[in-house]
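Before any comments, here is the structure.
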Amino acid sequence: MSTKPWSYIFEDLAEGGPDLRWAGPTHQCLCGNDLLAVAVKFEDSQVAFYLLDVRCLACGAYLIAPTEIDDEPVDT
């Protein structure tokens with residue numbers, strides 16, 4: 001078995017994957033993987049903001065990243 005540096009995974013993602021954004025904000029892909037590629041901006045060594053469109057690093061699916069408000073309970 002040959003191994004590649006982890007950075008090669010971004011080249012593999014360029015081919016695309018399923019669009020699972022309909023599933024809403026999620027911490028985990030429907031394939032079971034919870035490691036996502038995220039575009040983020042840093043200011044003073046802290047995350048200033050991140051884009052909500054993310055990619056699963058296992059299957060390349062397009063997903064929506066969760067935010068803090070997504071974890072709040074909904075009043076019914």
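Identify the residue in the range 62-76 that is surrounded by 10 or more Cβ atoms within 10 Å (Cβ to Cβ) and out of contact with any Asp or Glu (no Cβ under 9 Å at 6 or more places or on another chain) and, among all such residues, is modelled with the lowest pLDDT.
Looking at the filtered set, the residue picked out is 70.
Cβ separations smaller than 9 Å between residues 6+ apart or across chains give the following pairs from the range 17-30 residues that are within 12 Å of residue 66 (Cβ to Cβ) to residues that are β-branched (Val, Ile, Thr) and in a loop (DSSP other than H, G, I, E, B): 25/67. Among strands (runs of 3 or more DSSP E) entirely within the range 11-61, having at least 1 residues that are surrounded by 13 or more Cβ atoms within 10 Å (Cβ to Cβ) singles out 46-50, 53-56. When restricted to residues that are under 20 Å from residue 9 (Cα atoms) and out of contact with any strand residue (DSSP E or B) (no Cβ under 6 Å at 6 or more places or on another chain), the range 22-55 contains 10.
Look at the range 41-58: where a residue is among the small types (Gly, Ala, Ser) and a partner is not in a strand (DSSP E or B), sitting 6+ places away or on another chain with Cβ atoms under 6 Å, you get 58/31; 58/33. Restricting the range 1-10 to residues that are assigned to a helix (DSSP H, G or I) and of a type in the set (Ser, Thr, Tyr), which is farthest from residue 69 (Cα to Cα)? Ranking the candidates gives 8 first.
The values are calculated or read from the model by the stated rules, or taken from the named source; none is laboratory data. Bear in mind that the values here come from a model prediction, so they are computed numbers and not experimental data. Reconstructed Cβ throughout: ideal geometry from the backbone, glycine too, with neighbour counts over all protein chains shown.
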